Amino acid sequence: MIVRIAITAIILAILATGIDMGESARAIAAIDLRYLALVLGLVAIDRMVMILRWILLLRASGIAISTGNAARLFLVSSFVGSFLPAGVGADAARAYGLSRGSSDLQAPSPKPQAPASEALASVAVDRILGVFSIVVMSMVGVLAWAPAREDWRIAAAILALTIACSAVFWASDWLRWAIPDAHHDHSIARRVLRLSDAVGRYRGRSGVLAHVMAWSLFVQLLRITQAYFLGLGLGIAVPYSYYLLFMPLGLLMLLLPISISGFGVPQGAIVWLLRPVGVPDAQSFALSTLIVLTGLAGNLPGLWLWLRQRREIL
């Protein structure tokens, strides 16, 4: 945690040396509130879709959980994850709450519990499909933005990510090959293999995977559109086709567990990615900050639910 805080602070300090932070703050304060309200509405929609796709994965694996409990657990874990490493914090809190029936993460009654491997698998597959949907949107962005079509490095990166996402579903096979038989009964190896088996079982649930993948693509499109409207609200005149190209990389940066709440590295990436189309760094930083802040605003219902639960417990 200390290392991640330090990385976030260092990146922000480096950005501050070359960006007029006062100008960025003024740009944020002057944003067109109509666009901001529209984006917050889209954030609410993407949270509902994310809850839906997780419920689909849970029920496909036989985990009995009501829509209300799933929504509560998702929202509270998202709030808790705001204070943890970006990308994995909320996922870890969600898997823990589901497997332990923790009253810190869900309503005291009923407390749905699931085997740890199945709970982790549902979150892992949700994340894998989320990453894969970003990869697909990257392909769309390359096709939409003509100059990117000739860069073989972009195509190579997309292909590598596609292979990596697909390979996870066969992890049980290659892990058993990679781990010597003598170590299969060791506690850590046993847990890893149990998790990989749970993820692998989703290979037989192709209908659910396709359904969740479709919703994942919709979520990524919503997030790209959110960034576009925030840019319009800030007066950034960049075509939507370029958002389709650069935002998937920005979204991947948000998933990396090397920053806190998405501050730091993702902001630096977005500033760098908007330079080729002539956007001033101060405006780019304002946009990246608003992307992070509106995402955190989507976690506020989790704060309300968490405070309500604490009052009920006390």
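Taken together, the values in this text are just the output of simple stated rules run on the coordinates, not laboratory data. The model shown is predicted, which means the values in this text are computed figures rather than measured ones. We place every Cβ from the backbone using ideal geometry, glycine too, and count neighbours over all the protein chains shown.
Near ALA286: Cβ cut-off under 14 Å, other residues only, Lys/Arg at +1 and Asp/Glu at -1. The net charge is -3. Using a simple spin-label model with pseudo-atoms 7 Å out from Cα toward Cβ, ALA64 and HIS184 lie 3.3 nm apart. Quick one: if the Förster radius is 30 Å, what FRET efficiency do VAL277 and ARG34 give, using the C-beta to C-beta distance and rounding to 0.05? Efficiency computed from Cβ-Cβ geometry: 0.80. Counting Lys and Arg as +1 and Asp and Glu as -1 over every other residue whose Cβ lies under 12 Å from the Cβ of LEU58, the net charge comes to +2. For segment 245-314, the alpha carbon convex hull comes to 93 Å³ per residue, rounded to a whole number.
Taken one residue at a time, the phi angles of segment 121-135 give Karplus couplings (6.51, -1.76, 1.60, θ = phi - 60°) of 5, 4, 6, 5, 5, 4, 5, 4, 5, x, 5, 5, 5, 5, 4 Hz. Gly and Pro are set to x. Electrostatic bookkeeping for ASP46 treats Lys and Arg as +1 and Asp and Glu as -1; over the other residues with beta carbon under 12 Å from its beta carbon, the sum is +3.
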